[in-house]
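Note sheet for the following structure.
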Amino acid sequence: MTIYDYPEYYEAAFSFRDIQAEAMFIDQCIKKYSDIPVKSVFEVACGSAPHAKELVSKGYEYVGLDINRNMLDHAMYQNKNLNPAPKLIEADMSNFRLEQKIDFAYVMLGSLYLDSQKGMSAHFDSLSRSLKTGGLYFLDWCIQFADPMAPDARNTVFNEANGINVESKFNIRLIDPAEQMYEEIWTVKINDNGRHKKFEMIERNRAIFPQEFLLFIENRTDFEFVGWWRDWDFNQPITGNSAIARPIALIKKI
Ligand SMILES: C[S@@+](CC[C@H](N)C(=O)[O-])C[C@H]1O[C@@H](n2cnc3c(N)ncnc32)[C@H](O)[C@@H]1O
């Protein structure tokens with residue numbers, strides 16, 4: 001069992017986000033950069049689909065994909081009154097097919113779980129098949145601008161939602177430099193209104209470095225790079241050597 005099998009605890013652990021503001025930003029991003037009118041939005045690794053309600057209220061149709069059934073069931077339950085109802089698909093991000101092409105895609109919180117270059121190509125192939133020409137793919141925190149081994153990357157954070165207190169401790173170590181593979185040990189202590197639980201999750205992830213990402217996109221014939229920005233702010237393109245919080249990147253299907 002991992003925290004993804006307890007969606008309420010997962011949501012409490014990530015309750016630091018301002019979901020309404022993020023959905024508004026997604027909407028602005030579409031208006032500013034999409035070459036096509038956007039009706040459907042598609043979230044890779046959607047988990048409990050935290051932005052679905054806000055995006056549907058802005059007139060979008062929501063489609064989400066995740067590998068974890070519990071997260072999808074929770075997403076369905078949380079959003080059961082939405083109209084149109086969200087479409088939720090259980091699949092692996094490195095190999096999926098959608099029944100209908102979507103107009104915009106996004107992935108949040110660095111949730112690109114691709115452990116090889118082959119897996120990365122397979123994901124972008126799947127996405128390319130699913131996204132209309134002129135549509136955008138928005139990537140939150142997926143490109144490794146900061147040194148993952150820096151001391152401040154190993155930190156402890158506290159969050160609370162609905163009486164659930166969560167202490168998250170992150171510890172990262174390099175396990176294979178040639179493959180750019182890191183292991184992140186995420187220890188979560190839950191105090192759910194007096195009931196205590198502890199999870200320790202070990203996630204192995206391949207870092208995607210900025211110049212590698214640019215080259216990867218340049219070498220494909222189906223996407224072009226639009227830009228990258230720090231701290232979810234289109235006024236702050238990433239240049240130079242200042243601190244980078246929550247980087248976003250944007251590419252377009254051509
Ligand atoms: C950090 S959560 C992000 C959830 C949601 N997007 C959000 O913003 O809260 C990562 C999600 O990735 C999913 N996931 C992990 N590996 C996956 C894979 N190979 N394919 C699809 N989803 C995957 C997990 O089940 C989990 O729900």
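When C29, C46 are checked against the criterion of being near the ligand (Cβ under 9 Å from one of its atoms) and modelled with pLDDT of 95 or more, C46 stands alone in meeting it.
From G240, G163, grab the single residue that is surrounded by fewer than 14 Cβ atoms within 10 Å (Cβ to Cβ) and touching a residue at least 24 places away in the same chain (Cβ under 8 Å). Exactly one of G240, G163 is surrounded by fewer than 14 Cβ atoms within 10 Å (Cβ to Cβ) and touching a residue at least 24 places away in the same chain (Cβ under 8 Å), namely G163. Among the residues of region 90-113, those that are part of a loop (DSSP other than H, G, I, E, B), within 14 Å of S130 (Cα to Cα) and near the ligand (Cβ under 9 Å from one of its atoms) comprise A91, M93, S94, F96. The one condition from (1) closer than 17 Å to Q117 by Cβ; (2) open to solvent by 90 Å² or more (accessible area, probe 1.4 Å) that F213 does not meet is (2).
Each residue in region 130-160 was checked for being surrounded by 13 or more Cβ atoms within 10 Å (Cβ to Cβ), part of a strand (DSSP E or B) and modelled with pLDDT of 95 or more, and 9 pass. Candidates K87, K80, K58: the one that is touching a strand residue (DSSP E or B) at 6+ places or on another chain (Cβ under 6 Å) and away from the ligand (no atom under 13 Å from the Cβ) is K87. Could you please find all residues in region 92-108 being surrounded by 14 or more Cβ atoms within 10 Å (Cβ to Cβ) and either under 18 Å from the mean Cα position of the chain (by Cα) or not hydrophobic (A, V, I, L, M, F, W, C) (or both)? Those that are surrounded by 14 or more Cβ atoms within 10 Å (Cβ to Cβ) and either under 18 Å from the mean Cα position of the chain (by Cα) or not hydrophobic (A, V, I, L, M, F, W, C) (or both): D92, M93, S94, F96, K101, I102, D103, F104, A105, Y106, V107, M108.
Considering (1) of a type outside the set (D, E); (2) away from the ligand (no atom under 15 Å from the Cβ); (3) open to solvent by less than 40 Å² (accessible area, probe 1.4 Å), say which one H51 fails and leave the rest. All conditions pass for H51, except number (2).
Would it be correct to say that L131 is within 15 Å of the ligand (Cβ to nearest atom) and in the same structural domain as R230 (by TED's automatic domain parsing)? For L131, the condition - within 15 Å of the ligand (Cβ to nearest atom) and in the same structural domain as R230 (by TED's automatic domain parsing) - is not met.
What number of residues within region 1-39 are open to solvent by less than 20 Å² (accessible area, probe 1.4 Å) and under 13 Å from G59 (Cα atoms)? Qualifying residue count, region 1-39: 3.
Of the residues screened, F216 is not one that is among the aromatic types (F, W, Y), out of contact with any Pro (no Cβ under 8 Å at 6 or more places or on another chain) and at pLDDT below 95.
The values are calculated or read from the model by the stated rules, or taken from the named source; none is laboratory data. Here the structure is a predicted model, which is why all the values come from computation and not from measurement. Here the Cβ is made from the backbone with ideal geometry for all residues, glycine too, and neighbour counts use every protein chain on show. Surface areas here come from the heavy atoms of the whole protein model, side chains and all, with no ligands, DNA or RNA. Shrake-Rupley method; radii C 1.70, N 1.55, O 1.52, S 1.80 Å.
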